[in-house]
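The values are calculated or read from the model by the stated rules, or taken from the named source; none is laboratory data. Here the structure is a predicted model, which is why all the values come from computation and not from measurement. Here the Cβ positions follow ideal geometry from the backbone for every residue, glycine too, while neighbour counts run over all protein chains shown. For accessibility, only protein heavy atoms count, side chains too; no ligands or nucleic acids. Shrake-Rupley method; radii C 1.70, N 1.55, O 1.52, S 1.80 Å.
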Amino acid sequence: MSAAQDKFFQPISAMELARFAGVPTFMRLPTLTADHPRFDEVEIGIVGVPWDGGTTNRPGARHGPRQLRDYSTMIRAMNPVTGVQPFADVNCADLGDVPPNPVDIQDSLDRVSVFYGNLIADGIIPLTAGGDHLVTLPILRALAKKGPLGLIQFDSHTDLFDSYFGGHKYTHGTPFRRAVEEGLVDPKRFVQVGIRGTAYNTEDIEWGLERGIRIIRIEELFDRGIKDVMAEVRRIVGRGATYCSYDIDFVDPSYAPGTGTPEIGGPNSFQAQQVIRELLGVNLIGADLVEVAPPFDSEGNTAWLGISLMFELLCGLSVALQARKNQ
C-alpha cells in the first residue's frame with residue numbers, strides 16, 4: 001500500500017479540522033512512539049530537540065520545536081514548485097521530542113545520539129527541529145556509523161571554532177569542527193553556504209580551508225547566483241550519503257529575527273527556499289532546521305519561515321528516499 005492510500009500516515013486536512021483546532025503535531029501528522037504497533041512503517045520521522053545548552057549568546061532555541069509544531073498546521077500537502085507530495089510518497093510521522101537534560105551538556109548529547117541511533121536502526125530517516133546548532137553533532141554521530149558523510153550547511157557562521165571560554169569544546173559554535181575531527185564528516189564533501197558577519201579572527205576559516213571544506217561567503221552566493229552556486233554544491237557532495245543542516249540565521253534577520261545570533265546581509269525568504277529546492281537529486285539521508293528562538297520572534301515570522309523550510313527539506317528527503325528505493 002502506498003503512503004497516499006494509507007490514511008493513517010496522512011496529515012489531518014483543514015477541510016476536516018480547522019487549523020487552529022486539535023493538538024499540534026509536526027505538519028498535522030500522527031504522533032508515534034517506539035512502542036506503537038505501526039512505528040516500524042515510518043520512513044521519515046520528524047523529531048524535536050528542545051535544547052539550547054550550547055548557546056553562547058541569546059538563549060531560546062529550546063522553545064523552537066514547540067512553536068514550529070504549532071505553526072506547522074499551515075503546511076499543505078504539495079510543493080507547488082517542485083510538484084513533490086511527500087505525504088503521498090512516503091510514510092511520515094511526528095516522533096516526538098528527544099528528552100533533554102537542561103543542566104548537563106554531555107548527557108544531552110548522549111541522549112540525542114541514542115535516540116537517533118535507535119531511529120537509524122529502525123531504518124527511519126530523521127528530519128529535525130532544533131534546538132541550537134550543537135544538536136547536529138550527536139545526530140551526525142548516530143548517522144555516520146558506517147563512515148563519514150557529505151554535509152551541506154546553510155549558515156551565516158562556520159561553527160568551526162575550537163573552543164569557547166577557556167577550552168569548552170561543545171558549544172553551538174564548535175559542532176562541525178568536532179564532526180570533522182571525529183571522522184563523522186568528509187571535509188572534501190563538506191560545503192558551507194552563506195557565511196558572513198564580523199569576526200573574532202580568521203582561525204575558523206583557515207582551519208576549514210586547510211582541510212578542504214568549501215566555504216562560500218554570502219558575497220559569492222549573491223555574485224554568482226543561487227543556481228550556479230548550488231550546482232557546485234551538488235558536485236562537491238556527489239552521489240554519496242549527505243546530510244543537510246540549515247541554521248535559520250542563514251536568512252536575513254529582517255525575515256527571521258527570532259534567532260540567537262542574527263547577521264544582517266542574508267538571503268530573503270524566497271531565496272531561503274530556493275537553495276533547498278536546488279538540492280533535489282542529492283542523496284540526502286537526514287536534515288535539520290535549527291536556532292529558531294521564539295522569545296525573539298514576537299510576530300511568529302521566524303517560526304513560519306522555519307517550518308516552511310522544513311517542508312522543503314522534507315520534500316528533498318522524500319525524493320532521495322524514493323531514488324534509493326528505485327536503485
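Within segment 292-311, the set of residues being open to solvent by 10 Å² or more (accessible area, probe 1.4 Å) and touching a helix residue (DSSP H, G or I) at 6+ places or on another chain (Cβ under 6 Å) comprises 294, 304, 305.
Tell me, yes or no, whether segment 102-119 has at least one residue that is assigned to a strand (DSSP E or B) and either free of Cβ contacts under 8 Å to residues at least 60 places away in the same chain or at negative phi (or both). Within segment 102-119, none of the residues are assigned to a strand (DSSP E or B) and either free of Cβ contacts under 8 Å to residues at least 60 places away in the same chain or at negative phi (or both). Being crowded, with 21+ Cβ neighbours inside 10 Å and not hydrophobic (A, V, I, L, M, F, W, C) is a description that does not apply to residue 59. Among the residues making up segment 292-314, a single one is assigned to a loop (DSSP other than H, G, I, E, B), under 15 Å from the mean Cα position of the chain (by Cα) and either over 21 Å from residue 44 (Cβ atoms) or hydroxyl-bearing (Ser, Thr, Tyr) (or both): 293. Among residues of segment 284-304 that are over 22 Å from residue 136 (Cα atoms), those with a beta-carbon under 7 Å from a residue that is in a helix (DSSP H, G or I) and modelled with pLDDT of 95 or more at least six positions away or on a different chain give the pairs 297/303; 300/71.
Kindly provide the set of residues from segment 135-150 that are surrounded by fewer than 21 Cβ atoms within 10 Å (Cβ to Cβ), part of a helix (DSSP H, G or I) and touching a strand residue (DSSP E or B) at 6+ places or on another chain (Cβ under 9 Å), ordered by number. Across segment 135-150, the qualifying residue is only 142.
Condition check ((1) under 15 Å from the mean Cα position of the chain (by Cα); (2) touching a residue at least 12 places away in the same chain (Cβ under 8 Å); (3) open to solvent by 40 Å² or more (accessible area, probe 1.4 Å)) across all residues:
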{"site": "159", "(1), (2), (3)": "yes, yes, no"}
{"site": "169", "(1), (2), (3)": "no, no, yes"}
{"site": "176", "(1), (2), (3)": "yes, yes, no"}
{"site": "179", "(1), (2), (3)": "no, yes, no"}
{"site": "185", "(1), (2), (3)": "no, yes, no"}
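Within segment 107-123, restricting attention to residues that are among the β-branched types (Val, Ile, Thr) and either within 13 Å of residue 288 (Cβ to Cβ) or touching a helix residue (DSSP H, G or I) at 6+ places or on another chain (Cβ under 6 Å) (or both), the residue that is surrounded by the fewest Cβ atoms within 10 Å (Cβ to Cβ) is 120.
May I ask you to verify whether residue 206 is more than 23 Å from residue 314 (Cα to Cα), of a type in the set (Asp, Glu) and part of a helix (DSSP H, G or I)? Judged against the criteria, residue 206 is a match. The C-beta contact set for segment 188-202 (first residue in a loop (DSSP other than H, G, I, E, B), second residue basic (Lys, Arg) and open to solvent by 10 Å² or more (accessible area, probe 1.4 Å), distance under 9 angstrom, 6+ apart or interchain) comprises 196/217. Against the numbered list (1) open to solvent by 30 Å² or more (accessible area, probe 1.4 Å); (2) at pLDDT 95 or above; (3) of a type in the set (Phe, Trp, Tyr), residue 8 comes up short only at (2).
Suppose the filter is in contact (Cβ under 8 Å) with a residue 40 or more places away in the chain and under 13 Å from residue 154 (Cβ atoms); does residue 266 pass it? Spelling it out, residue 266 is indeed in contact (Cβ under 8 Å) with a residue 40 or more places away in the chain and under 13 Å from residue 154 (Cβ atoms). Here 126, 80, 65 are screened, and the one residue that is open to solvent by 10 Å² or more (accessible area, probe 1.4 Å), on the phi < 0 side of the Ramachandran plot and either of a type outside the set (S, T, N, Q) or in contact with a Phe, Trp or Tyr (Cβ under 9 Å, 6 or more places away or on another chain) (or both) is 80.
For beta carbons closer than 6 Å, sequence separation of 6+ or different chains, a first residue in segment 70-89 that is assigned to a helix (DSSP H, G or I) and a second that is open to solvent by 50 Å² or more (accessible area, probe 1.4 Å) and among the charged types (D, E, K, R), the qualifying pairs are 73/19.
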